[in-house]
Each structure stands twice: as structure tokens, then as C-alpha cells.
There are 2 protein chains.
Amino acid sequence: MEISQLIRVARGEEPAELLLKNARVVNVFSGEVEETGVAITHTRVIGLGNDYPAQRTLDLNGKYIAPGFIDAHVHVESAMVPPYEFARAVVPHGTTSVIIDPHEIANVLGVEGIEYMLEASKYTPFSVYVMVPSCVPATHLETNGGVLRWPDLIRFKNDPWVIGLGEMMNYPGVLLRDQEVLDKLRAFFNRRIDGHAPGVTGRDLEAYVAAGIASDHECTSVEEAREKIRLGMYVMIREASNAQNLKALLPVITAKNARRVLFVTDDRFPSDLIDQGHIDYIVRMAIHEGLDPITAIQIATLNAAEYFGLHDRGAIAPGRRADLIVFDNFDRLTIEQVYRGGQLVARNGRVLPQEPTPRQPAIRNSMNVRWSKIDVRLPANGHKQVRAMGLVPDQIVTTQSVEEARVKNGYAVSDPERDLLKVTVIERHQATGNVGIGFVRGLGLKSGAIGSSVAHDSHNLIIAGTNDDDMITAARAIAAMQGGLVAVNKGEVLARVPLPIAGLMSDQPLERVREQLDDLTQAARDLGSDLHAPFMALAFLALPVIPELRLTDRGLVDVNKFDFVPVFAD
Amino acid sequence: MEISQLIRVARGEEPAELLLKNARVVNVFSGEVEETGVAITHTRVIGLGNDYPAQRTLDLNGKYIAPGFIDAHVHVESAMVPPYEFARAVVPHGTTSVIIDPHEIANVLGVEGIEYMLEASKYTPFSVYVMVPSCVPATHLETNGGVLRWPDLIRFKNDPWVIGLGEMMNYPGVLLRDQEVLDKLRAFFNRRIDGHAPGVTGRDLEAYVAAGIASDHECTSVEEAREKIRLGMYVMIREASNAQNLKALLPVITAKNARRVLFVTDDRFPSDLIDQGHIDYIVRMAIHEGLDPITAIQIATLNAAEYFGLHDRGAIAPGRRADLIVFDNFDRLTIEQVYRGGQLVARNGRVLPQEPTPRQPAIRNSMNVRWSKIDVRLPANGHKQVRAMGLVPDQIVTTQSVEEARVKNGYAVSDPERDLLKVTVIERHQATGNVGIGFVRGLGLKSGAIGSSVAHDSHNLIIAGTNDDDMITAARAIAAMQGGLVAVNKGEVLARVPLPIAGLMSDQPLERVREQLDDLTQAARDLGSDLHAPFMALAFLALPVIPELRLTDRGLVDVNKFDFVPVFAD
């Protein structure tokens, strides 16, 4: 939009396109609520006032207007839908900008995965900014679908939607000055670099911050958050599906440090997006817990815009983007209208149809398994004891134990009666034929098998089951649908969630995915699991950075040693 | 400095160069004062703590450490010394970064003036960032030394020390969409653009903000500042030599909006720099007036760094520049040590010698007067009445009146007995031979003449006197010293302040300039003026943007009409 037109409309020489009048406008600059109106032309707010001349006027009768919410850190893939469907879920909840880190899809498809997300974000009803993933692959202990080194990443620096380097999970690599890691930090030293430093403290934290890393979303206690704020990090308070930190961290916020706090969702599953919402859910909860409502809204809007240097949004002021939400009050915070760039994009919980429609870029089948080499049998060779990963309900840490092996025909096999199940990770990116085999306790299946192509961070196929045949059936069923989740019993697929986009995301509407997931979970329950989220537990068994024992396509990993250990303990 | 070294030192694997221990560290992120130490290596803070291994340790015995102050808007030329001498004055007061707008020298030397300031700022003991002047010449009613259009300005955008576009004084040009002005705003739309909008309010202010202008330093009332903050402007609270706004504006600051406030000095004369100080003076006064000390320091440090996107400073944290001040307490705020980039640059009020020494770039003589055409006589041609500018003590506005002319030998001349003095503005840049002639009341000279090559904004020669001969003597004396200020009586120069750098700045130490100015003021007093600052009053007589009547080289300007009026009123 031309500056001269902005000026003309702002002066009232020419009518605005739209005036939202008689509103209570949350002013994140002054910290006040003003009874006034908001005049909008094209994509921009051009002025505040109830009597701007306008082509169209909407009387809000005292409803509130605030800037659209910004999610400062989210992995869209965790919602199992691509950006358009994610937008359909979160925009009605008031989110008008998201800063994504396409870490999951990059682990499957490398650079192609990042490009897919950039392309699939165009013409969606929100703004998608990208922090390029810094840690792909996440570790050297597994095989993934793409290796991103600094030359792969800097080519994205000129993309107008790329604003920095995503969470530097490899904090040991930073502290030990891994050359790869330093190269990436150097390549982005003049951009924002997000952090990920759970429990890192003292001098290690000083070093991590000195390296140029500016935020952290892994705080779980007030002490941890306070130390990070003191050292100059922006603390992103996370309220994810699998990690809720808001209540624990709220006491850290003071009038003087509130500007250094952001809200993020990190990972949200379809059911939570549908049932709870998105950033609005965090703001609402923060207010209910006693945070000043205007501070809560500053955190969800202006703070994120400032952290990322997105000076065109995060506030309602002349010249800024008209990314706005209309809501009833601070208590219920029911979002009734959402404007993005001056256009009404959602009303009463639903996204409105738009032109042009979002792109659905083509993407290749990510399943590349060398079936001829896949053998999930485990010859006992005289061993009698196996190491087992132990699930801890509702946590992603695992325990480890040594168990008596059940040996049948010379092979170590599952023993459902003792809840000792075989797990396999089948490499699916580079057709290496790698198969990792281990055991798990706590999954609870009495019959059949469950499997997933979502398995953090490398997203190989992970299958757990009571017998090898059902495990192979599950693996083949997942591959046949180009990725997804299945529950299998006696050679039959009981339920499935196809995730043909990189084996991570569905091509179906979010609500359909949620139904499929509910059916799938029910199937796992019918097979005997009493876990709240058996597939999440399964997916995280492959994550070799969280203690204690994990399984990758290359074998069993003792996370404390950060090295492989044999499955047999004797 | 290499990231890997920062990490090593931050972890304590290698000693820091310097540890300032047992201090009270003002943490502008958390809003707390921490009893701790600051470890420094090369240019950077690498950690906080009292027990960092270090090559050298300095026990501060409980003294305070804060980030170095940032002056967010200052015209160095007003101190009548170039950047090095300015640094010598302000660095001992804790200022480690200044954002300058070389508006004055650019009016004399155009692009060459900006380049001089960039060059003369190198190797000084503070960091100098430049906002390129947006309004050169200031008006079409005068002749200056250079015209800066957008192509002249954008060539500076790649200079690492240039961070934006300086104060857009031409707010009527913005509102009326002057093509030149819009071109400049467009050229810098993705950088910071400072504002200057005294009294602009309502829709005009909305339009000014919509045009992308992000700050204002001209607020004089709480209402004005509040409106500007609400609209998203950063309000720069100014405490200049000729405009003091701090006390009036302090009540605008609240816990929720304090992040949108900055401190600036705009214009400070040598005596005020020496007697009062710089940003420390504002911080001290703010604290004495009741502002929370940590908020005052946040405003003077972090806020300015954030506004300008200078993320390497404005706070004490690992990886940030070690720009630090050590002081006694919040009450006296006596700055005892100043570190810039980890080096001690000032102690107990004095700058320490440095290597390399600052540059003293060559600069051409800016005096270019066509003496053959200079004639300050004013033929009366039968007229009997003249318009006169009226000085208002300690203000820069003038009144206007019509006075009986004193006519001698057919020429209108000064009448010291009625305090009606002739004033002339002699064009000195382009040898046009332009001479503007008018009259002033309130200067009070009984004999002789005073003159100056500092005359805002075009800085032509301005001379006021009791007789034509002394006026010409004054003009020639100024030109002979390549610019400066003089007091003349009966053909003899009584006192002078040579300003050979663009006719604006001395090549002498600041203290010497101050003595010269004191002597000069005394000389003007001896000649009969009882004004507090007769040369400042004189300098502003040429500023055709402040009501009511002014004089340029092209004639008398009625500022309310923004056009010329004849000197004779009948």
C-alpha cells in the first residue's frame, strides 16, 4: 500500500475501507484499554477513533479489540496437518501469525521439507514465519531423511519468510564447540537464534547465551526462567500438548521483566487445538491465574513482534497491519472475529472462505524402506536377559531395566503377560535396511501391534507388538499409505491414520484426523493398552536425547552415555 | 571475537581478561540489582559471577555497574566540537553510544558533511550511529550548502554505522504528501525513521505515524506524550540546553508503557555538558523526581538499544558488548569508571588516552561569500516603517511588530536607543551574494555588532549591530577564521570563537571553547545586551520554521504565512 494513500486516509481526506467503532481497544503500547474505534484500509490500521469516515462501519457495541496473537514457536507437524489446516484450527482462536520451526519435516525431507512448508503456508489466513531447523539430524545415533549443514541453511536467509535459526537443541554441541554447530551460529549471528536448553544452568548457560542464542522455551521452574531472563534470554512460556509450563512459570513475571516473556505452544495435538484452542487458551489461563490481562495480551502480541523484529504487527496503531481480534471480555475471551491484514478471516469459531485458496504443493512419497533386509526377529544366541525401556505414564522420560528374556525357537520375543513387548525401529528414508530392536514395558498391549511413522526426531517407522507377524503387518500397512499410524491384530488393520505428507501430516481436515486418532487410540485400548496416549508414548521411544533408554534404527541407546548398548544384558 | 572463544571463557575453561567483582549489577532484563560480578573478555561480557577465573580482577566493593548510556538523539554540532571532543565530554558521564543526526553540518556541506562526521567518529571512545538528515535544506525559503535528496541518502544505507533516517521535521510535507518527502520515507521504510512533530495531534498525527515515523522528541506535555505513545511512537524525552522537557513528561511513564520511552539530549551547549553532564544528568534528575531508578536505567540503555535494533548493547549479559559504567549509588550517580567494549575509557571524570587516536579528517573551508555583492545598507526609498522581530527572553519564538524606521542619509539604520537593531543574513555557501536585511528588538546592544556562522538551519552568517561598519567588520572577521562567533566594537574584534569546521565546530578542546564562549558572551554584555544567551538568540533568528518573524539570506519570513514579507511595512 502506498504511503501517500495511508496518509490521505489517516487524515480523513478519503474514507477508510472499514471502521470498527464503539470498541474497547487494548493498547499494548500505553497499557490501557481505550473506548474508541479502529479504522482500516487495505491491509493496514490507519487510525483510532469512532468518527473516521469509512465506506463500511461495524458497531462493536463495547466489545474488545486486541492485536492478533502471535505463536512465537510452534512445530506445525505436531498437529498432523499442513499449515492450511493448522490455520483453519488456530485462526478462529485469534492467532494471526505463527513462527514455525519445520524441524520434523526437515528430518524426513531435508531442504525439500522446509520448502514444502514455505509453499504450503502461502495464501493461508495467517502469516507464517520460519526459523530454519538447526539440528537435522538431531543426533548421530540415528538415520534420518536429510542432513542440513550451514550451506543448506544460509540459502534460506534471503527468503522473506525466514527470520532466523530454529531452536539449537544441540546444547552439548554448543558448549563443546562442535564445528557444525558453530558454523550454523555464525551463519545466523545477525538474525534471531532460538534456544532449547532444558535445565542448562550456571556457566554452561552463560556460554550458551554468549554464543548468541536469544530465547528458551524449555523452562519448567521459576528459578530456571528467572536465571534465563537475567542472562538476557527471552523466556517462551510453553503450553504444549505434552508439556505444560504456564502455571509453574507465571510467578516469574513482574512489571519490569514482562517484556522479556513470550507465549508459545511448541507442539499441540489435534484434539487439544480443537478442544482447548491455541494462544487464546494460554492468555485465558494466564488471566484466570491472576496475570494482568493487558500484560497477558502484550506478551501474546507486542513482545513476540519485538523479539522477532516484526515491526509491522503486534499492536494496533496507524501503519501497522490490521491483524486484529474482536472478543467479548477478558474472562471468557471468546474470539468472535479475526481480521488478518484488514480482511475478516474468521468469525464465531470458523475460518471464512478466501481467494486465492491455499496451495497444496506436491510432495514425494517419503517411504523408502528396503523390505528385503527387514527382519524383526531377534536370535537369542544363548542370551537370557534383555534391556527394557520403561514407560512413565504422561511423561516422555523412560526408565531402563533388565528383564528375563522370553525365548521361543531360539528367538527373543514379546511376552505380553509380563507386559514386555518387542519394539522395532525400521529405517524408512534411505533404504538402508536398518532395523533396531528392543523391548518396552508399560505399553500394555495384550494382542496385536501398533506402529507409527511419527517417531521423534528422525521419524523412522516404530512398531511395538505382541508378535512379529503383526509388527510386520503394521509396518507394511504404514508404508502402503505413505506413512501414518496403525493398530493391527492378527494380520488385520483395526484402525489407521494415514499421514501421506512426509509420514507426519494428513491430507484430511483436522476434525477428520482427530476422529481417526480417537478411533486409533480406542483400537490400541482394545488391544490392551491403558495409556492415555499410547501412540505419543510410542513416538517418543525413538528420541535418543531424553533419558534413559531409547531405540533408533541403529540400535538401543543409553541416553546417559549417549551411546549404543546391546539389547541383551548378559 | 570468535564464538568458540566466548564459549570457552564463559564456561570458565579459559580465564576472562577482566573480572569486576563484588558489584551491584543493574539487570535491565529482570529489573533487579544483583550482587555479583561481571566477567569480560575482549569486547564482550562473557558471564556474571564473582568467581570467574580471570587474568585481572578488580574488587568494586559494592559499587554499582549498569550498562553504558545511549543518547538516542543528539546533534553533536550543537556542542561546537567534533565527535572526538564531544566524546571526551560525555564518555566520562557514562555515555557509550550516541545516535547522531548530522543535520547541521549537512546543511553546510551536504553529503560531505555526513561523511566528515562518520570519519571523525572513528576511533573515538564511544560508538556513534548515524541517522541521515531527512530535511536538508530545512525550507525553500533560504539558501544552504547542500541539497540531500533520496538518492544522496540511500547511498549511506549500506554504511554499518548508518541505522536510519533522521528526524522528519517537515511534517507539513508528510501530511501534504510532498514527493521529496515520500521518496525519502519510502527509501527508509524498512529502517528506523525518527520524527519531529511538535504539537501535531489527532488525525494529522495518525497520518504522520502511518507514514512509518516511529519516534518523537518534541513533546512538551503529558497529554502530547501520551497520545504519541498510544499511537505507537517511541517518546524521546528531551533535556536539551534550549528545551527541557523531563519534569513535564515524567508523569507519563507507567510500568506498562515505560518500554516505549527514551532519553535524549538533542542539543547541548559546551557549558551544560561540562557543568551538568549528559544522559547521566537526565537519569539522575529522573530519579530525584521520583522515577524508579531501574526503570530510569532501562530507559537510558535497553530501550534505546531495542528501538534501534542494536541488540549487542544496552544490557549486561553474556555475549553483549562490555559497555559498562561503575557508579556510587542511585542518588548521586557519580560515574567513576566507564568501559567501552571491555576497555576502560574513562575514570573519575576523565577520558583515558587511547590507541589509535581519533581521526581528524580534513575538511574544506565552508566560507564562500561573494563579498563584491555584499551590501548591508538598506535604502529607505521613502518608507517610514519597518517590521521588527521581537526576542522573547529564554524562548526561541519571536514576536513581530511594526516600528518607526530611523532613516539616515536615505538609509534605514539601527536605532540603539530604541533597541531597534539591524540584522543581516549573508549567504555563505554558494557565493550567491544574497543579503537578507531586517530588524530586531530585544537584543539590547548599545554599541558595536555581534555575528555568527551558526544560524539554524542553513547556517549563513547572521550579524546584528548598531552600525553597518561594525556589522561588516564582524562578517569579515567570521569569514577570516573560516567561521565562528564574534563581538565587534568600533572596528575592533573584542572576542571571538573560531569554528573552522563547517563554521559550526571548533578544533579546540571543549573547555577552551567554553572559555571562549564565556568571554564572547561577556563582550556582548559589555556592548549592552542583557540577554542570558545573546548568541543563541541571534542564531535562531534565522530559523524560518518557528513563529513569528524570521530572517533568511533571501529576506524576511512571516512564518505563519510561510512566505516572504517586505522589511518595510508601509
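The values are calculated or read from the model by the stated rules, or taken from the named source; none is laboratory data. Since we're looking at a predicted model, the values are computed, not measured. Every residue, glycine among them, receives a Cβ derived from its backbone with ideal geometry; neighbour counts consider all protein chains shown. Areas reflect the complete protein model, heavy atoms only, side chains present, ligands, DNA and RNA absent. Shrake-Rupley method; radii C 1.70, N 1.55, O 1.52, S 1.80 Å.
Taken over the range A:232-249, the criterion of being crowded, with 22+ Cβ neighbours inside 10 Å and either in contact with a Pro (Cβ under 6 Å, 6 or more places away or on another chain) or small (G, A, S) (or both) is satisfied by A:G232 alone.
Is it the case that some residue within the range A:360-383 is over 30 Å from A:I472 (Cα atoms) and either in a loop (DSSP other than H, G, I, E, B) or among the charged types (D, E, K, R) (or both)?
yes
Filtered by the rule that a residue be farther than 18 Å from B:D292 by Cβ and in a loop (DSSP other than H, G, I, E, B), the range B:317-341 gives B:A317, B:P318, B:G319, B:R320, B:A322, B:D323, B:D328, B:T334, B:G341. Take A:L262 and tell me if it is more than 14 Å from every other protein chain (Cβ to nearest Cβ), of a type outside the set (F, W, Y) and open to solvent by less than 10 Å² (accessible area, probe 1.4 Å). Taking the combined requirement at face value, the residue does not satisfy it. Filtering the range A:399-410 to residues that are assigned to a strand (DSSP E or B) and either surrounded by fewer than 17 Cβ atoms within 10 Å (Cβ to Cβ) or not aliphatic (A, V, I, L, M) (or both) leaves A:T399, A:Q400, A:S401, A:V402, A:E403, A:E404, A:R406, A:K408.
If you check A:G47 against the conditions, is it farther than 30 Å from A:E115 by Cβ, out of contact with any Leu (no Cβ under 6 Å at 6 or more places or on another chain) and at pLDDT 95 or above?
Working: farther than 30 Å from A:E115 by Cβ: yes; out of contact with any Leu (no Cβ under 6 Å at 6 or more places or on another chain): yes; at pLDDT 95 or above: yes.
Taking the combined requirement at face value, the residue satisfies it.
Can you tell me which residue is nearest to the chain's Cα centre (by Cα) among those in the range A:213-226 that are closer than 16 Å to B:G31 by Cα, surrounded by fewer than 23 Cβ atoms within 10 Å (Cβ to Cβ) and more than 9 Å from every other protein chain (Cβ to nearest Cβ)? Working first, answer last.
Filtering the range A:213-226 down to residues closer than 16 Å to B:G31 by Cα leaves A:222-223, A:225-226.
Imposing the further condition that a residue be surrounded by fewer than 23 Cβ atoms within 10 Å (Cβ to Cβ) reduces the set to A:222-223, A:226.
Next cut, more than 9 Å from every other protein chain (Cβ to nearest Cβ) only: A:222-223.
Values: A:V222: 23, A:E223: 25 Å.
It comes out as A:V222.
For the range B:384-398, taking the residues that are over 17 Å from B:G555 (Cβ atoms) and open to solvent by less than 70 Å² (accessible area, probe 1.4 Å), the one that is modelled with the lowest pLDDT is identified as B:I396. Does at least one position in the range B:510-529 carry a residue that is closer than 20 Å to B:T432 by Cα and at pLDDT 95 or above? No, the conditions are met nowhere in the range B:510-529.
Taking the options A:P358, A:P353, name whichever one is open to solvent by less than 80 Å² (accessible area, probe 1.4 Å) and of a type outside the set (D, E). Walk me through how you get there before you give the answer.
Details: A:P353 fails: open to solvent by less than 80 Å² (accessible area, probe 1.4 Å).
On inspection, the qualifying residue turns out to be A:P358.
Identify the residue in the range B:14-60 that is facing chain A (nearest Cβ under 9 Å) and open to solvent by 20 Å² or more (accessible area, probe 1.4 Å) and, among all such residues, is farthest from B:D292 (Cα to Cα).
Filtering the range B:14-60 down to residues facing chain A (nearest Cβ under 9 Å) leaves B:27-32, B:34, B:39, B:44-49, B:52.
Subset that is open to solvent by 20 Å² or more (accessible area, probe 1.4 Å): B:32, B:34, B:44, B:48.
Details: B:E32: 11, B:E34: 16, B:R44: 28, B:L48: 24 Å.
Ranking the candidates gives B:R44 first.
Within the range B:292-302, the set of residues being surrounded by fewer than 23 Cβ atoms within 10 Å (Cβ to Cβ) and more than 11 Å from chain A (Cβ to nearest Cβ) comprises just one member, B:P293. Consider the range A:230-258 and keep the residues that are assigned to a helix (DSSP H, G or I) and within 23 Å of the chain's Cα centre (by Cα). The one that is nearest to the other protein chains (Cβ to nearest Cβ) is A:L249.
Applying the set (1) over 28 Å from B:K256 (Cβ atoms); (2) assigned to a strand (DSSP E or B); (3) without any contact (Cβ under 8 Å) to a residue 40 or more places away in the chain to A:E13 leaves exactly one unmet item: (2). Annotation note: of A:T220, A:T295, the sole residue that is part of a loop (DSSP other than H, G, I, E, B) and either more than 28 Å from A:A89 (Cβ to Cβ) or polar (S, T, N, Q) (or both) is A:T220.
Mind checking which residues of the range A:193-212 are more than 13 Å from chain B (Cβ to nearest Cβ) and in contact (Cβ under 8 Å) with a residue 40 or more places away in the chain? Walk me through how you get there before you give the answer.
Initially, the range A:193-212 is screened for residues more than 13 Å from chain B (Cβ to nearest Cβ), giving A:194, A:196, A:198-199.
Across the range A:193-212, the qualifying residue is only A:D194.
If the condition is being among the basic types (K, R) and within 30 Å of B:P534 (Cα to Cα), then the range B:200-247 contributes B:R238, B:K247. Taking every residue in the range B:411-424 that is open to solvent by 20 Å² or more (accessible area, probe 1.4 Å) and pairing it with any residue that is small (G, A, S), at least 6 positions away or on another chain, the pairs with Cβ-Cβ distances below 8 Å are B:Y411/B:A380; B:P416/B:S447; B:P416/B:G528; B:D419/B:G442; B:D419/B:G444. Per the conditions (1) at pLDDT 95 or above; (2) open to solvent by less than 60 Å² (accessible area, probe 1.4 Å), the sole criterion not satisfied by B:R8 is (2). Checking each residue in the range B:55-89 for being closer than 17 Å to B:I114 by Cα and touching a His at 6+ places or on another chain (Cβ under 7 Å) picks out B:H73, B:H75. Strands (runs of 3 or more DSSP E) fully within the range A:455-570 that include at least 2 residues being open to solvent by less than 20 Å² (accessible area, probe 1.4 Å) and touching a Ser or Thr at 6+ places or on another chain (Cβ under 9 Å): A:461-465, A:484-489, A:492-498, A:549-552. Read through the list (1) more than 15 Å from the chain's Cα centre (by Cα); (2) in contact (Cβ under 8 Å) with a residue 40 or more places away in the chain; (3) open to solvent by 10 Å² or more (accessible area, probe 1.4 Å); (4) on the phi < 0 side of the Ramachandran plot, then give the number of the only condition that A:S127 fails. Against the list (1) more than 15 Å from the chain's Cα centre (by Cα); (2) in contact (Cβ under 8 Å) with a residue 40 or more places away in the chain; (3) open to solvent by 10 Å² or more (accessible area, probe 1.4 Å); (4) on the phi < 0 side of the Ramachandran plot, A:S127 comes up short only on (3). Mind listing whichever residues of the range B:465-487 are in contact with a strand residue (DSSP E or B) (Cβ under 6 Å, 6 or more places away or on another chain) and either more than 17 Å from B:Q522 (Cβ to Cβ) or free of Cβ contacts under 8 Å to residues at least 24 places away in the same chain (or both)? If the condition is that a residue be in contact with a strand residue (DSSP E or B) (Cβ under 6 Å, 6 or more places away or on another chain) and either more than 17 Å from B:Q522 (Cβ to Cβ) or free of Cβ contacts under 8 Å to residues at least 24 places away in the same chain (or both), then B:G465, B:D470, B:M471, B:T473, B:A475, B:A477, B:I478, B:M481 are the ones that fit.
The set of residues in the range A:273-289 that are under 14 Å from A:L510 (Cα atoms), in a helix (DSSP H, G or I) and open to solvent by less than 30 Å² (accessible area, probe 1.4 Å) contains only A:L273.
It is to be established whether one or more residues within the range A:303-325 are more than 17 Å from A:V38 (Cα to Cα), of a type outside the set (A, V, I, L, M, F, W, C), away from chain B (no Cβ under 14 Å) and in contact (Cβ under 8 Å) with a residue 40 or more places away in the chain. Please lay out each step first, then the result.
Of the range A:303-325, the ones more than 17 Å from A:V38 (Cα to Cα) are A:303-311.
Narrowing further to those that are of a type outside the set (A, V, I, L, M, F, W, C): A:303, A:306-307, A:309, A:311.
Narrowing the set further to residues that are away from chain B (no Cβ under 14 Å) leaves none.
There is no residue in the range A:303-325 that is more than 17 Å from A:V38 (Cα to Cα), of a type outside the set (A, V, I, L, M, F, W, C), away from chain B (no Cβ under 14 Å) and in contact (Cβ under 8 Å) with a residue 40 or more places away in the chain.
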